[in-house]
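Down below is the structure, laid out as structure tokens.
The values are calculated or read from the model by the stated rules, or taken from the named source; none is laboratory data. Note that the structure is predicted; figures quoted are calculated from it, not measured. Cβ placement follows ideal geometry from the backbone for every residue including glycine, while neighbour counts extend to all protein chains displayed.
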Amino acid sequence: MVILTRRAFSTTTAAGLGAAMLGFSTRRAAAAEYTLKFAFNLAETHPITTRAREAAARIKDQTNGMVELQVYPNNQLGSDTDMLSQVRAGGIDLFLNSGINVLSTMVPSASIYGLGFIFPDYKTVWKTMDGELGAALRNLIAKVNLLPMEKMWDNGFRHITTSTGPVNSPADLEGLKIRVPVGALWTSMFQAFGAAPASINFNELYSALQTKVVDGQENSLANIKTANLVEVQKYCALTRHMWDAFFCVANRRNWESLPPDVQEIVSSNLNQSALDEREDMAKLSESLKDVLAKQGLVFNQPDTEPFRQRLRDAGFYTSWREKYGEELWSILEKTVGKLT
Ligand code: X2X
């Protein structure tokens, strides 16, 4: 919850100025007057957490200690489902969540960028998400009173891991008990592959794999590494079947209760950290292969075309096109090319 004891900020006007010009630097650093809770599911060692903490340090510095961004990684404040309720109610001020994950239970179209095999590379990813499609999705999210910051945080291209055997072709997914996050697009995609997907929140993923409730999961290498999944998984197929990222959403009421100069400092630092984190992830998407292989994860590189064909044959793209509607679909196709 934003703690409102307006003292210094409300008298300043110009957004985007440095702390000195806003008058913060002359003040004695004291207890924060504005405390913002920023929560998400990623592990302590994930670059998102590191970059979020850097944003918090800069915000503290630039406001002479008057704004405290409290960072709660690793599902400390609950599962994604719990955190979504809390950010809606205002108990959490800022929440990072994928548009394909629980956020899509409120804003179904926010998941459109998770369609299978649509992004060839990061260049196309950011052209799309920093461009017209991202803006359209942020508008839809704002309609449910969650205000998205401008820049998304990368959650990476996703690959499939299992404890049972390598996945070389769609046939190897047949009947596989695989964990997917809590979002309809994920379930639909893995059903189309012929697998048996189970929706499980990230905070229960490790134990679900350990106790063999499921035999596989799919995630970025950064999450496979930082959530220690290598301890409970043996094989990793480099499928890049989808790409994911997080919207950073604010509870509208809490956000609007902040003076504009505070909003500016908080949002610009969060956006800066998102850009820094994107660079970390791009590097990790290559360097972690060796690291994880050394830890014992067995990699294989399947031909992905048969997987894509399987989705086409199952009517995956055409049925989601109907759900998302022609307007969003055509915006997406402007950057990724024809999909159906
Ligand atoms: O739950 C997951 O697998 C994660 C961390 O990648 C997401 O938030 C979608």
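Among residues belonging to segment 164-185 that are within 16 Å of the ligand (Cβ to nearest atom) and of a type in the set (Gly, Ala, Ser), point out the one that is surrounded by the most Cβ atoms within 10 Å (Cβ to Cβ).
Per the stated criteria, the residue is 183.
May I ask you to verify whether residue 129 is among the hydrophobic types (A, V, I, L, M, F, W, C), under 19 Å from residue 315 (Cβ atoms), within 16 Å of the ligand (Cβ to nearest atom) and touching a residue at least 60 places away in the same chain (Cβ under 8 Å)?
Judged against the criteria, residue 129 is not a match.
Conditions (1) touching a Leu at 6+ places or on another chain (Cβ under 8 Å); (2) hydrophobic (A, V, I, L, M, F, W, C); (3) surrounded by fewer than 18 Cβ atoms within 10 Å (Cβ to Cβ); (4) within 17 Å of residue 174 (Cβ to Cβ), marked per residue:
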site: 309; (1), (2), (3), (4): no, no, yes, yes
site: 312; (1), (2), (3), (4): no, no, yes, no
site: 318; (1), (2), (3), (4): no, no, yes, no
site: 329; (1), (2), (3), (4): yes, yes, no, no
site: 337; (1), (2), (3), (4): no, no, yes, no
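Could you pull out the residue among 175, 165 that is assigned to a loop (DSSP other than H, G, I, E, B), in contact (Cβ under 8 Å) with a residue 60 or more places away in the chain and touching a strand residue (DSSP E or B) at 6+ places or on another chain (Cβ under 7 Å)?
Exactly one of 175, 165 is assigned to a loop (DSSP other than H, G, I, E, B), in contact (Cβ under 8 Å) with a residue 60 or more places away in the chain and touching a strand residue (DSSP E or B) at 6+ places or on another chain (Cβ under 7 Å), namely 165.
Yes/no matrix, rows are residues, columns are (1) in contact with a helix residue (DSSP H, G or I) (Cβ under 6 Å, 6 or more places away or on another chain); (2) surrounded by fewer than 21 Cβ atoms within 10 Å (Cβ to Cβ):
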site: 209; (1), (2): no, no
site: 221; (1), (2): yes, no
site: 231; (1), (2): no, yes
site: 253; (1), (2): no, yes
site: 265; (1), (2): yes, no
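Could you tell me which numbered condition residue 102 fails, if it satisfies all but one of (1) in contact with a Leu (Cβ under 6 Å, 6 or more places away or on another chain); (2) farther than 25 Å from residue 201 by Cβ; (3) modelled with pLDDT of 95 or more; (4) β-branched (Val, Ile, Thr)?
So the condition that residue 102 fails would be (2).
Working carefully through the options 208, 237, 222, 198, find the one that is over 22 Å from residue 174 (Cα atoms) and touching a strand residue (DSSP E or B) at 6+ places or on another chain (Cβ under 9 Å).
222
Would you check if there is a residue in segment 277-291 being among the small types (Gly, Ala, Ser), away from the ligand (no atom under 16 Å from the Cβ) and over 26 Å from residue 200 (Cα atoms)?
The answer is yes, given that some residue of segment 277-291 is among the small types (Gly, Ala, Ser), away from the ligand (no atom under 16 Å from the Cβ) and over 26 Å from residue 200 (Cα atoms).
In segment 148-163, what residues are more than 15 Å from the chain's Cα centre (by Cα) and either farther than 20 Å from residue 180 by Cβ or within 16 Å of the ligand (Cβ to nearest atom) (or both)?
159, 160, 161, 162
In this structure, does residue 188 turn out to be over 17 Å from residue 156 (Cβ atoms), touching a residue at least 60 places away in the same chain (Cβ under 8 Å), more than 13 Å from the ligand (Cβ to nearest atom) and assigned to a helix (DSSP H, G or I)?
So residue 188 fits the description; yes.
Scan segment 66-97 for residues that are closer than 20 Å to residue 45 by Cα and not hydrophobic (A, V, I, L, M, F, W, C) and jot them down.
Scanning segment 66-97 gives 70, 72, 73, 74, 75, 76, 78, 79, 80, 97.
Could you check segment 27-126 for strands (runs of 3 or more DSSP E) lying wholly inside it with 1 or more residues that are within 16 Å of the ligand (Cβ to nearest atom), under 14 Å from residue 247 (Cβ atoms) and among the polar types (S, T, N, Q)?
By residue number, 94-98.
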